[in-house]
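Data first, discussion second: the structure below is written as structure tokens.
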Amino acid sequence: MGPSAALGDQRASMEVVKDWNGIDQVVLRAPRGASARVISWRNGRGEELLFTSSKAIFRPPKAIRGGIPLCFPQFGNCGSLEQHGFARNRMWVVEDDPPPLRTGESTGCVSVDLLLRPSEEDLKCWPHCFEFRLRVSLGADGDLSMISRIRNVDGKKFTFSFAYHTYLSVSDISEVRIEGLETLDYLDNLCNRERFTEQEDAITFESEVDRVYLGSPDVAAVLDHGKKQTFIIKKEGLPDTVVWNPWEKKSKSIVDFGDDEYKQMLCVDGAAVERPITLRPGEEWTGRLELSAVPSSFCIKNLDPTRSI
Ligand code: TA6
């Protein structure tokens, strides 16, 4: 059992447990009942907020079809590496004494720090020494935040793209709309990454969607009318937003995904895709994602006064 802090009548805690695969998993618990593992995020009522496929293959370090896999150092197939890079297919270590975060960079009431360094195998396919630190935190109210810090510990500069491949669990995809991406340009992965401009005043789903919205605002909302719940997605250092739902036909072609499961999930990723990030030796990049699940009466207007929705 890891460090714990008393808050109100319950304790925030972090513990390492063995999952049914015998693999160590870190579990964060917040005072009012919310909990998180990077493939699971539950609210205070114990309801799961992230999607994981019933057909997910738990053969670590292979990425699991669900949760929040990390795409690094390559997003998608925009490069010579395996799809979405190798970070999501590696075993990470818990770091007990990480370098402090930037001043004022607040994190939740309980957190864990994970570290990834390249293996000999990784250096053969991507010859760059890096340190990838991930802090996963749970706020007292159950908000989930992830702070990625990528440091160039190599002698030469390197460039990468990145995404928090966030599988949100939804009631029914036809009941869902995304607010905050209207009027933006996007690259359509279904049309050879051709560039289009979003015409709709909210994004709804009636077919396969695989897009990278460019220069997206740091706040977006995913409204789920079926659950009367809204996911608020805040990001920092991540200029793009990826939206993906495989719909019916593509779902049937994905081995670790149920044929009808496209109805219960939506990926909305904070990402850096269009303009990859270049780090010179010694430089460090930070990309932050914060997820909250609130009753749908909440309106995005309250979030971002600059927005004129
Ligand atoms: O995020 C969108 C995307 O790049 C899609 O093109 C689709 O391939 C999806 O990721 C899933 O990728 P995966 O490698 O996990 O099957």
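The values are calculated or read from the model by the stated rules, or taken from the named source; none is laboratory data. Keep in mind the model is a prediction, meaning the values are calculated, not measured. Don't worry about glycine lacking a Cβ; one is built from the backbone with ideal geometry, like all the others, and counts go over all protein chains shown. Ligands, DNA and RNA are stripped out before the accessible areas are found, and what is left, the full protein with its side chains, is counted by its heavy atoms. Shrake-Rupley method; radii C 1.70, N 1.55, O 1.52, S 1.80 Å.
Scanning the stretch 183-209 for residues that are within 14 Å of the ligand (Cβ to nearest atom) and part of a strand (DSSP E or B) returns TYR186, LEU187, ASP188, VAL209. One residue alone among PHE231, PHE257 is away from the ligand (no atom under 16 Å from the Cβ) and either of a type outside the set (Lys, Arg) or open to solvent by less than 30 Å² (accessible area, probe 1.4 Å) (or both), and that residue is PHE231.
Consider the stretch 157-177. How many of its residues are among the small types (Gly, Ala, Ser) and either crowded, with 24+ Cβ neighbours inside 10 Å or within 16 Å of the ligand (Cβ to nearest atom) (or both)?
Residues that pass the stated criteria total 2.
Sub-8 Å Cβ pairs linking a first residue in the stretch 157-185 that is within 17 Å of ILE147 (Cα to Cα) to a second residue that is among the hydroxyl-bearing types (Ser, Thr, Tyr) and open to solvent by less than 10 Å² (accessible area, probe 1.4 Å), at least 6 apart or interchain, are PHE162/SER148; TYR164/SER148, ordered by first then second residue.
Given the criteria within 16 Å of the ligand (Cβ to nearest atom), more than 19 Å from SER296 (Cβ to Cβ) and not polar (S, T, N, Q), does VAL268 qualify? Taking the combined requirement at face value, the residue does not satisfy it. Scan the stretch 93-107 and give yes if some residue there is farther than 30 Å from ASN192 by Cβ and within 16 Å of the ligand (Cβ to nearest atom), otherwise no. No, because not a single residue in the stretch 93-107 is farther than 30 Å from ASN192 by Cβ and within 16 Å of the ligand (Cβ to nearest atom). Scanning the stretch 210-269 for residues that are part of a loop (DSSP other than H, G, I, E, B), in contact with a Gly (Cβ under 8 Å, 6 or more places away or on another chain) and touching a residue at least 60 places away in the same chain (Cβ under 8 Å) yields PRO217, LEU238.
Any idea which residue in the stretch 242-254 is farthest from the ligand (Cβ to nearest atom), counting only those that are open to solvent by 10 Å² or more (accessible area, probe 1.4 Å) and closer than 16 Å to GLY76 by Cβ? Walk me through how you get there before you give the answer.
From the stretch 242-254, those open to solvent by 10 Å² or more (accessible area, probe 1.4 Å) are 244, 247-250, 252-254; that's our starting set.
Of the ones still in play, those that are also closer than 16 Å to GLY76 by Cβ are 244, 250, 254.
Working: TRP244: 4, LYS250: 8, ILE254: 6 Å.
Step by step, filter the stretch 242-254, then rank; the result is LYS250.
Conditions tested, residue by residue: (1) within 15 Å of the ligand (Cβ to nearest atom); (2) under 20 Å from ALA272 (Cβ atoms); (3) surrounded by 14 or more Cβ atoms within 10 Å (Cβ to Cβ).
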position: ARG65; (1), (2), (3): yes, no, yes
position: PRO69; (1), (2), (3): yes, yes, yes
position: GLY79; (1), (2), (3): yes, yes, yes
position: MET91; (1), (2), (3): no, no, no
